[in-house]
Amino acid sequence: EQKRKFLHELPKCEHHVHLEGTLSPDLLFTLAKRNNIELPAHFPSSIELCNDRYEKFTDLQDFLDHYYIGMSVLMTESDFEDLAWDYFVKAKHDGLHHAETFFDPQGHVERGIPIETVVNGFHRASQRAQAELGISTKLIMCLLRHLPSQDGLKTINDAKQFYQDGIIHGLGLDSSEKPFPPELFEECYALAKKNCPEIGLTAHAGEEADPSFISNSLDLLKVTRIDHGVQSYRDDELLKRLAKDKVMLSLCPLSNVKLQVVSDVGELPLRKWLDYGVPFSINSDDPAYFGGYLLDNYLAVESRFNLKPEEWVQITKNSVDGSWIDAARKKQLH
Ligand code: ADE
Ligand code: ZN
């Protein structure tokens, strides 16, 4: 219908998609077979059982417990390349123009996969997406906050050359939020910035944990963007700060419902962010797990908030401006 066409044609950017979160049950079982991976007995044993499991995540941790097992089927450079390439093709179909994609090297290195295998695979797919699909791309390496910061420091140093060669552009922080506050990673962010002064810094904050995780990410980690940031609505001063400093929130509406951050997309405080002038983008997070890709997230928001076309244009404009791209590329997208 008409709304779908309108949303499809907006020049969309995605800033919050975990490439490992684009692993569909179909590809998961194909790779498990090809790579001779024996999944644990409690893991769903078929595509249907996986899909059933995805309807019942109780919270972030419950999802992550499944997710880290799922990603263990990725072994070779072409596994990583194929995974990311399939995402770019799907996203192109959804009307995506620019993608800043997360990946979790520690989730692979701890299984004995060299970081080079992971990065080279994702980089090849990104290069192909630029050349063949016209999508501009950036890779954002995330640290797993449930692992010690020493491990994070080592990962940052192991990735140093990729940053200096412009193959990885950003640093993020993900995984179990509440027990692992941003202050644990101050040194990691400082080291990454020292290794590569042009780096883009972001962190998951305020998905489940309180607004202080957002302010502390800004103050201590010096991030210029916040992933999720849903809980910011509880702190008026913080909302003013986000608006004034143009700190973009990368929202993931369908994810928030699946992980029970809210019980319905309509519960998200979207009006409040719009009224305060807090910039945000709309994203898919882990689309293979949460029942929808980029355009589905746009459609879910539209179905609940019935935004005016000019509001959508402003949201997309903010999302271009919050992207880590140069002025020339921004101009193309506006
Ligand atoms: N890893 C993948 N998806 C995530 C999310 N929504 N929050 C934290 N860590 C994640
Ligand atoms: Zn995420």
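Along each principal axis, taking the top coordinate minus the bottom one, the Cα set of the range 227-313 gives 34, 27, 19 Å in descending order.
When exposed loop sites are taken as trypsin sites (Lys or Arg not before Pro) in a DSSP loop with at most 14 other Cβ atoms within 10 Å, the longest stretch of the chain clear of them is 112-221. Rounded to the nearest 20, the Cβ-based charge dipole of the range 85-228 about its Cα centre (Lys and Arg +1, Asp and Glu -1) stands at 440 debye. Simple spin-label estimate for F305 and K240 gives 2.3 nm between the two label positions (7 Å along the Cα-to-Cβ direction from each Cα).
Normalised by the number of residues in the chain, the average gap of Cα pairs under 8 Å and 6 or more apart makes the relative contact order 20 percent.
Mean projected area of the Cα convex hull of the range 129-274, taken over all directions, amounts to 9.7 nm². As a ratio to 2.2 N^0.38 Å, the alpha-carbon radius of gyration computed for the range 220-262 takes the value 1.23. Simple point charges give the picture: +1 on the Cβ of Lys and Arg, -1 on the Cβ of Asp and Glu, and for the chain a dipole about the Cα centre of about 1020 debye. Of the residues Q130, P105, G172, the one whose Cα sits farthest towards the positive end of the charge dipole of the chain is Q130 (charges of +1 on Lys and Arg Cβ, -1 on Asp and Glu Cβ, taken about the Cα centre).
Across the range 1-88, the convex hull enclosing all Cα atoms gives 138 Å³ per residue. GNM on the chain, alpha-carbon springs under 10 angstrom: the most fluctuating residue among A41, A129, A203 is A41.
Taken over the chain, the convex hull of the Cα atoms encloses 127 Å³ per residue. Of the chain, which part is the longest with no GluC sites (Glu not before Pro) in a loop (DSSP not H, G, I, E, B) and with at most 11 other C-beta atoms within 10 angstrom? Here the longest run is 56-197. Here is how the number arises for the chain: DSSP H runs of 4 or more residues each give -39500 (n - 2.57), the sum is divided by the residue count, and the result at 222 nm is -13500 deg cm²/dmol. Annotation: amide H-H contacts under 5 Å for D227 (H modelled 1.01 Å from N, sequence separation of 5 or more, or interchain): A203, H204, A205, S250. Rounded to the nearest Hz, the phi-derived 3J(HN,Hα) couplings of the range 26-37 under the Karplus curve 6.51 cos²θ - 1.76 cosθ + 1.60 (θ = phi - 60°) are 4, 5, 4, 6, 4, 5, 4, 5, 4, 9, 6, 8, where x marks glycine and proline. Where the alpha-carbon atoms of the range 32-129 are placed on the principal axes, they occupy 37, 33, 24 Å, in descending order.
Could you list, in their original order, any pairs among K33/K92; K193/K222; K3/K244; K222/K272 whose Cα atoms are separated by more than 21 Å? Kindly include the intermediate steps, with their values, before the conclusion.
Values: K33/K92 29 Å; K193/K222 10 Å; K3/K244 31 Å; K222/K272 25 Å.
Exceeds cut-off: K33/K92; K3/K244; K222/K272.
For the range 72-131, the direction-averaged projected area of the alpha-carbon convex hull comes to 3.9 nm².
In sequence order, the range 80-96 has phi-based couplings of 5, 5, 4, 4, 5, 4, 4, 4, 4, 5, 4, 5, 4, 4, 7, x, 7 Hz under the Karplus curve 6.51 cos²θ - 1.76 cosθ + 1.60, θ = phi - 60°, and Gly or Pro positions carry x.
Every number here is computed from the coordinates shown, using simple stated rules; none is lab data. Since the structure is predicted, the reported quantities are computational estimates derived from the model, not experimental observations. No Cβ is skipped: glycine too gets one built from the backbone with ideal geometry, and neighbour counts run over all protein chains shown.
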